[in-house]
Amino acid sequence: MIRVCFHGAESTGKSVLARKLAAEWECPLVPEYGRAYAENVSTDFTPDDLLAIGREQNRLMQVACADRPPLALLDTDPLMTAAWSDMLFGDVPSALLAYDKAELYLLFTPDVPWVADGTRLFGTHELRGQFAATARTMLERSGVPFETITGGWAAREAQVRAVIARAQTI
């Protein structure tokens, strides 16, 4: 089984591409619980909110992967919640770093247009860059394998397909 986590700053195409590929490949997709939380509760997060989001994100991953499918796509995971915590509060609770990790992370860069959707917070060029760097730091800090995904929408999709194909042959 390989779990591939889509990771990185907001508005970089992670959710759209994860949904598309999961449907095409008929593999489990673990949606972004933080988005549902933001849409249904609030974007005025507290540290406790982020801990709850991380717990639920991990639970969703465990449920989706219980039958050990050959491939599972994770729209995010608690490491991304850790990046949010660092951005919002300047602190990363150890609980967010302690969860089970995916076998591969795809780090999406913020080199595509920003789309404001009412749940995204870091839309300026400076903040997008800072959030991207923070997301990368969480991956490096955790020592997980990752590949960087860049370029326009078609280039991103081609890169993701190629990286996942290589990962599945290992």
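Here are the numbers for this structure:
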quantity	calculated
Within the chain, helix-based [θ] at 222 nm, where runs of 4 or more DSSP H residues each add -39,500 (n - 2.57), nearest 500	-16500 deg cm²/dmol
Alpha carbon centroid spacing (whole Å) that separates segment 88-115 from segment 8-84	10
Relative contact order (%) - the chain, alpha-carbon pairs under 8 angstrom, separation at least six	33
Per-peptide average of other Cβ atoms within 10 Å, ordering 132-140, 103-111, 87-95 highest first	103-111, 132-140, 87-95
For segment 2-169: span of alpha carbons on each principal axis (Å, largest first)	40, 34, 31
By average C-beta atoms within 10 angstrom, highest first, the peptides 76-86, 42-52	76-86, 42-52
Counted charge near residue 22, where neighbours are those whose Cβ lies closer than 14 Å (Asp, Glu -1; Lys, Arg +1)	0
More than 15 angstrom apart: percent of Cα pairs within segment 1-101	60
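Taken together, the values in this text are just the output of simple stated rules run on the coordinates, not laboratory data. Not measured: the values here are computed from a predicted model. Here Cβ is always computed from backbone atoms with ideal geometry, including for glycine, and neighbour counts include all displayed protein chains.
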